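S.K.: Here it is: the structure, laid out below.
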Amino acid sequence: MALPLMPKATAVWLVENTSLSFEQIAAFCGLHSLEVQAIADGEVAVGMVGLDPIVNGQLTKAEIERCEADANAKLRLLVPDLPQPAARSKGPRYTPITKRGDKPDAIAWLLKHHPELSDAQVSRLIGTTKPTISAVRDRSHWNAANIKPRNPVLLGLCTQRELEEALAQTVRRVPVEGADTGQEDADRDEAGHDGDDDTPYRYQES
């Protein structure tokens, strides 16, 4: 079943702006009715800005009114006739407005505790840009005086698994200590050299 763009934000808008039942909203947005009820009670998606499905061409006002009049009716997602632009495979992740002010603190924490991470990795984890990372690093950020390093996992900007995967990638990039030396010794042995000098082995008939 096709779902609307940003289902939870759409559910927030429908809860706030329509008289649809929780079940109708849940079915349309692919959520559980209890989760929609928690949104209505202010326990879930606190501070999330609702996404208007009418403005985005996913629903019509008439469709909403039809389902408001019949509690058993289900909302039908409007399929646009125009071709949709290709989805972006890369770029900053979406961050709720309420959490965007926490990004500099999260960047500062990663730079302090995991300097081995590349700017590209930090950018993907936090959903930020490289200029912002540079500004936090050299303290030229406009709010540098108030930036305090805070764990991005605790801030909800990334998951512990995502952070661990990024750290694992840095470990794989670092060469194992002594690996080059061992390879050089193996190459020298294959060429018929001993391990002490460059004198080749000489085999003499007895």
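The values are calculated or read from the model by the stated rules, or taken from the named source; none is laboratory data. All of these numbers come straight from a predicted model, not from anything done at the bench. Note that we place each Cβ from the backbone using ideal geometry, even for glycine, and neighbour counts take in every protein chain shown.
S.K.: Among what's in segment 144-157 and is modelled with pLDDT of 90 or more and not in a helix (DSSP H, G or I), pick the residue that is surrounded by the most Cβ atoms within 10 Å (Cβ to Cβ).
M.R.: Looking at the filtered set, the residue picked out is ILE147.
S.K.: Another question, if that's okay. Mind checking which pairs have a first residue in segment 139-154 that is under 19 Å from HIS114 (Cβ atoms) and a second that is of a type in the set (Phe, Trp, Tyr) and surrounded by 11 or more Cβ atoms within 10 Å (Cβ to Cβ), Cβ under 6 Å, 6 or more apart or different chains?
M.R.: PRO149/TRP109; ARG150/TRP109; ASN151/TRP109
S.K.: Can you report the number of residues in segment 23-40 which are buried (at least 20 other Cβ atoms within 10 Å of the Cβ) and part of a loop (DSSP other than H, G, I, E, B)?
M.R.: Residues that pass the stated criteria total 1.
S.K.: Among the residues of segment 28-55, which ones are more than 15 Å from MET6 (Cβ to Cβ) and over 25 Å from the mean Cα position of the chain (by Cα)?
M.R.: SER33, LEU34, GLN37, ALA40, ASP41
S.K.: Which residue out of LEU110, LEU117, LEU163, LEU125 is among the hydrophobic types (A, V, I, L, M, F, W, C), over 30 Å from LEU51 (Cβ atoms) and at pLDDT 90 or above?
M.R.: On inspection, the qualifying residue turns out to be LEU117.
S.K.: I would also like to ask the following. Scanning segment 41-73 for residues that are in a loop (DSSP other than H, G, I, E, B) and among the charged types (D, E, K, R), which turns out surrounded by the most Cβ atoms within 10 Å (Cβ to Cβ)?
M.R.: Among them, the one singled out is ASP52.
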